[in-house]
Structures are given as C-alpha cells and as structure tokens.
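Worksheet: the structure to be examined is printed underneath.
The values are calculated or read from the model by the stated rules, or taken from the named source; none is laboratory data. The structure presented is a predicted model; accordingly, all values stated were derived computationally and were not measured. Cβ placement follows ideal geometry from the backbone for every residue including glycine, while neighbour counts extend to all protein chains displayed. Areas reflect the complete protein model, heavy atoms only, side chains present, ligands, DNA and RNA absent. Shrake-Rupley method; radii C 1.70, N 1.55, O 1.52, S 1.80 Å.
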Amino acid sequence: MRAVLIDIDGVLTVSWEPLPGSVEALREIREAGFGVALVTNTTSRTRASIAGTLREAGFAVDAEDILTAPVATAAYLAEHFPGARCVLLNSGDIREDLEGVTLLAPDDTKSVPDVVIVGGAGPEFDYAALNRAFGYLQRGARLVAVHRNLYWRTDAGLQLDSGAFLVGLEQAARAEAEVTGKPSAAFFEAALARLGVGAGEALMVGDDIESDVLAAQRAGITGVLVKTGKYLPETHRDATGTPDHVIESFADLPALLRGSAVQELG
C-alpha cells in the first residue's frame with residue numbers, strides 16, 4: 001500500500017466535527033509516508049471551504065488534498081458536453097468547483113439547458129425546482145448527477161439526500177443519470193491519478209458500503225468500511241458484496257496499515 005483514499009463526512013467528521021481519534025490517525029498515516037487524498041461527494045461546500053474547515057478542526061490538509069464530486073463533474077462535462085449550457089439543482093454554492101461550466105442564471109426560466117446537473121439535497125429541492133428539471137428533461141436535456149447518495153448523517157441523525165429524488169426524475173422522464181462522483185469508476189481513477197499510484201497500491205476508507213467501499217473494490221482498490229457516519233448493520237448485512245476490511249472507526253486505520261505492511265514484508 002502506498003496511498004489512502006478517505007471519505008470525509010462520516011469518516012473523519014460528522015457535521016464537520018472531528019470523530020474521536022481521526023485527527024491523530026490522519027497525522028500518523030501521513031508521517032508513515034502514505035499518500036493521502038480526501039474524496040467526497042459533499043456538494044454543500046467548495047474544496048477551499050472544506051479545507052479551511054478541516055484545518056480549523058485540526059486536520060493538516062489543504063485544498064489540493066481534496067477531490068470533490070463537483071470538481072469531477074466539471075471535468076466530465078468538459079470532456080463529454082463541451083460548451084453545454086447547464087442548470088444546477090443543488091443545496092449550497094459550488095460554482096467555484098464547477099470551473100469552465102456554463103450555468104444558466106437561477107431566474108432564467110425561458111432558456112432550455114443542454115444538461116441538468118443534480119447535486120446535493122436541501123431546501124432548494126422543492127416541487128417547483130424538481131418539476132422544472134423534469135420539464136427540461138422532457139425537452140431533451142441530459143441528466144448528470146453528482147452522486148446517488150440516498151442519505152447522510154449529521155449531528156441530528158440521518159438526513160435525506162438527492163439520490164432519493166434522482167430516482168423519481170429518472171423514472172418520470174425515462175432518463176438515466178450519468179453519475180460523476182462516487183460510485184463512478186472515473187472518480188476513483190481521478191483520485192489515483194492525483195496520487196500517482198495504481199489501484200492495487202491504494203486503500204479506500206468509507207462509511208457507505210456501496211458507494212465508497214464496494215465501488216472502490218470494483219475499481220481494484222482495497223476497501224475498508226468504518227462503523228461510523230451513515231453505517232447501519234442492516235445495510236452492511238444486505239449489501240451487494242463484502243468489504244475487504246471492517247473497522248470500528250478511522251482511528252483504527254493506522255493499526256490496520258501497520259498489519260498490512262508486516263504481512264507484505266513477511
């Protein structure tokens with residue numbers, strides 16, 4: 001192992017407060033010489049904002065350490081829909097991470113976009129916004145989803161995410177969303193490329209067994225499931241596959257990595 005990919009929400013933090021031992025564990029992993037990339041489907045903040053918040057919480061990270069799903073979305077749109085006019089349905093301002101993407105003004109209800117981008121859920125996901133997106137899809141717009149997460153965990157408990165609404169849009173408009181963040185293979189490949197390692201040299205740590213762990217394993221990356229964040233015993237039991245490793249929390253990762261190193265040397 002040469003590098004570690006780490007989900008943020010539910011692994012390092014919950015509602016941006018560090019989970020016990022996570023700051024120290026990340027420091028130990030860096031000091032051991034592992035490459036680190038924080039890979040997140042978070043759509044409420046930009047990379048710069050995330051990095052600033054994590055530094056305030058004690059994590060030694062900067063914006064270059066973070067790969068967000070919106071950044072991956074911008075790269076995807078540049079490759080597959082260059083010059084497309086897009087409308088964004090998202091809770092939070094992520095325009096800074098959508099560099100090069102042409103976004104129609106929120107109050108522009110006359111133009112028909114080429115692409116509807118579905119980000120993270122929040123108050124903006126009301127009937128009017130969803131129905132407007134449905135109308136665009138009926139008129140030929142393509143559907144791009146930053147992720148398919150059904151829910152995430154906050155300090156108030158599990159909260160509904162945009163994946164639940166995305167299913168309805170797909171069914172109603174008979175359109176299949178093109179997903180750019182986790183669990184897409186392209187997202188993991190982008191993270192590996194940033195670190196300069198192959199899939200067999202990397203490990204992915206996440207609290208979402210499907211989107212984080214099993215998706216990484218399908219890409220050839222070793223998967224580690226943590227029992228924090230959105231982890232639920234029933235989703236673990238009913239998952240479509242088995243994680244390579246299961247640990248109680250991110251604080252236990254350094255010990256797992258030390259064990260793997262000893263095993264490889266032996």
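Counting only protein heavy atoms and a probe of 1.4 Å, the accessible surface of the range 39-80 is 47% carbon and sulfur.
In plain terms, the chain from Ser15 to Arg55 could stretch by 12.9 nm, reckoned as 0.36 nm per residue minus the Cα-Cα distance. The apolar share of the surface of the range 176-266, taken as the fraction of accessible area on carbon and sulfur atoms (1.4 Å probe, ligands and nucleic acids excluded), comes to 51 percent. Among 9-19, 154-164, the peptide with the highest mean count of other Cβ atoms within 10 Å heads the list, and the full ranking is 9-19, 154-164.
Projected over all directions and averaged, the alpha-carbon convex hull of the chain occupies 13.9 nm².
Cross-link reach is defined here as a Cα-Cα straight distance under 30 Å, omitting same-chain residues fewer than 8 places apart; for Lys182 the lysines meeting it are Lys227, Lys230.
Loop-resident GluC sites (Glu not before Pro) (DSSP state other than H, G, I, E or B) in the range 163-230 with no more than 14 further Cβ atoms inside 10 Å of their Cβ: Glu176.
Report Rg/Rh for the range 92-232, rounded to two decimals, where Rg is the Cα radius of gyration and Rh the Kirkwood radius.
Ratio value, two decimals: 1.00.
Averaged over residues, the count of other Cβ atoms within 10 Å places the peptides 106-114, 247-255 in the sequence 247-255, 106-114, highest first.
Over the range 100-259, average the accessible area per residue using a 1.4 Å probe and give it in Å², no decimals.
Accessible area per residue, the range 100-259: 46 Å².
Taking amide H positions as modeled 1.01 Å from N, with prolines and chain starts lacking one, the residues under 5 Å from Arg85 and 5 or more places away or on another chain are Asp114, Val115.
Pairs of Cα atoms nearer than 8 Å and 6+ residues apart set the relative contact order; for the chain it is 21 percent.
Between Glu248 and Leu160, the C-beta separation translates, for a Förster distance of 25 Å, into a calculated FRET efficiency of about 0.40.
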